[in-house]
Amino acid sequence: MPEPANEPANDTDRSEPTGPADPTAPARQSNRTGEPSPAAKLLRFQQPEKTLRYLGELSDDRLAGLFGLDGDTYRARLRAYDDQVRETAAGLLEDPSFAERVGRLPFRPGQLVVALGESTTADRLSWCEVLRHLLPEDVRLVNLAVSGLTTTQALAQLPQLSRFRPDWILCMIGANDTQRLGRSPGAPGTRLVSAAETERNLHALRALAAPDAADRWVWLTPSGVDQARADSYPHFLRAGIGWAAEDTDGIADFLLGRPEPTVDTRPVTAGLHIDDGVHLTPEGQRAIAVALVDTLTDHTPPGVTTDHTPPDAATDHTSSGVTTERTPPDAATGRTALVAPVEPVPSRAVAS
């Protein structure tokens, strides 16, 4: 998804409170429409430490300055985002059936899960951050998503990914490829990355990103577009860019046709976009987290399913210590299910 950093202020932004902002409530910084202000979007979606690695480790105070904040306010707002996703996870776990499914997720103690993607995943309120608080503490999750990333740019990140040697990869990317340049009413514009190149890049990511995690790759489709909002969003109109729902649908259809487990995020996020029509509300992010858990357990076949039977001679003992079994592709879907013996594990978030 696009980088909110490119959005200039407009007249509606002047309705921001003029007094001191509440540093612990970043999600409530909004204009009169109730949408997040440009300043709040910047902090929510942008993580300069991921894109300025050549500068070495950046202190909180230096990062705060990039957002026009002092260090204490910056840290307080980050804590507020973390508190918000922690509360979301705790609320989900209040549902006993959902908590039981979380306990059957196939991530094993000591494993490393890496998320790849763009702003939908880089979002400090993202499905990935909700998942972090659903997982037990002995399962590590690293979020490598970068706002604005295309599949071509993601290929350039492969050396960084290889250093992590992840056990699982959750990949949600492709929406930025469908950005259309020169789009305006009556003019469809030109895709930033062609459909053919996007498919080539997705193939390459899957083949090259983590050979050791070949059986533990999960796709998440782009979340789709609220076409009316995207077409009327002032910043997109001013920049001459836009999105077309059929483009993101094309990527989703491609991913759903692959053999790996794929979460179709479009149905669960419909109507859950913020004012630009492409980024999601916290409720949309929550919906993706639920859909992911459903796909990775036997609650919603096909996809990754769990098996409580002990391993036998037919299983494949991988180098990471995970015992898996590849089942034949389903005749109707062409998908291959990944079966992993799972014992329920406690989640990190605890509902109060």
Taking 7 Å along the Cα-to-C-beta vector as the label spot, tell me the Thr152-Ala187 distance in nanometres, rounded to one decimal. 2.1
Once you have the Cα-Cα distance between Ala195 and Ala228, take 0.36 nm times their residue separation minus that, and quote the gain in nm to one decimal. 9.6 nm
Which value in nm describes the separation of the simple spin-label points at Glu94 and Asp70, placed 7 Å from the Cα toward the beta carbon? 3.6
Using the Karplus curve 6.51 cos²θ - 1.76 cosθ + 1.60 with θ = phi - 60°, work out ³J(HN,Hα) for each residue of region 132-147 in order, rounded to whole Hz, and write x for Gly and Pro. 3, 8, 8, 7, x, 5, 8, 10, 8, 10, 10, 9, 9, 5, 10, 4
On average, how much accessible surface per residue is there in region 184-287, in Å², for a 1.4 Å probe, leaving out ligands, DNA and RNA? 39
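The values are calculated or read from the model by the stated rules, or taken from the named source; none is laboratory data. Nothing here was measured: the structure is a model prediction, and the numbers come from that model. For neighbour counting, all protein chains shown are included, and Cβ atoms are generated from backbone atoms with ideal geometry for every residue, glycine included. Quick note on the areas: whole protein, heavy atoms, side chains included, nothing else; ligands and nucleic acids left out. Shrake-Rupley method; radii C 1.70, N 1.55, O 1.52, S 1.80 Å.
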